[in-house]
Amino acid sequence: MTKIEPEESSTEEKIFKAAKDVFHRKGFDGTRMQEIADKANINMSMLHYYYRSKDKLFEKV
């Protein structure tokens, strides 16, 4: 799993790119928020700051 580098994009963009990849590979039910946070190289608090739930993040993607 390739992490997205901090200088590559804003935090919100990193989350979006990571979520798009994970949702595409694993589907909604197979995706865990921790995996998205890890791929975006952020902590869970930051992920929940931008997207309160997996549902909201999935809708955005």
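Tabulated values for the structure
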| item | result |
| --- | --- |
| Residues located in region 7-61, provided they are free of Cβ contacts under 8 Å to residues at least 40 places away in the same chain, surrounded by 13 or more Cβ atoms within 10 Å (Cβ to Cβ) and of a type in the set (K, R) | K14, K17, K39, K54 |
| Residue tally, condition modelled with pLDDT under 95 and touching an Asp or Glu at 6+ places or on another chain (Cβ under 9 Å), over region 3-32 | 2 |
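The values are calculated or read from the model by the stated rules, or taken from the named source; none is laboratory data. Source: prediction; values computed, not measured. Glycine also receives a Cβ, built like all others from the backbone with ideal geometry; neighbour counts cover every protein chain displayed.
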